[in-house]
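Below: one structure, written as structure tokens.
The values are calculated or read from the model by the stated rules, or taken from the named source; none is laboratory data. Worth saying up front: this structure is predicted, and the values here are computed from it rather than measured. Please note that ligands, DNA and RNA were not included when accessible areas were found on the heavy atoms of the full protein model with its side chains. Shrake-Rupley method; radii C 1.70, N 1.55, O 1.52, S 1.80 Å.
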Amino acid sequence: MAKKTDKLHRRGNPISQNPLMKKGGVHEKSRSAKRQQAKRDLRKQIPLFKQIFLF
């Protein structure tokens, strides 16, 4: 017969012990989101280059 003390030693949130929860972590932007942000930043800088080099 198993000891009853095994159940007493379990601590914490039982939901966090779920194997699906191990997939969690820091949320990062996807590669496509990073690429789109880089394109937006570049388009913002283009008018500055035109001002500097064309005039």
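Take segment 4-18 and flag every residue that is outside any helix (DSSP H, G or I) and modelled with pLDDT under 70.
Correct list: Lys4, His9, Arg10.
Is it the case, given these coordinates, that Lys22 is open to solvent by 100 Å² or more (accessible area, probe 1.4 Å), modelled with pLDDT of 75 or more and in a helix (DSSP H, G or I)?
It is false that Lys22 is open to solvent by 100 Å² or more (accessible area, probe 1.4 Å), modelled with pLDDT of 75 or more and in a helix (DSSP H, G or I).
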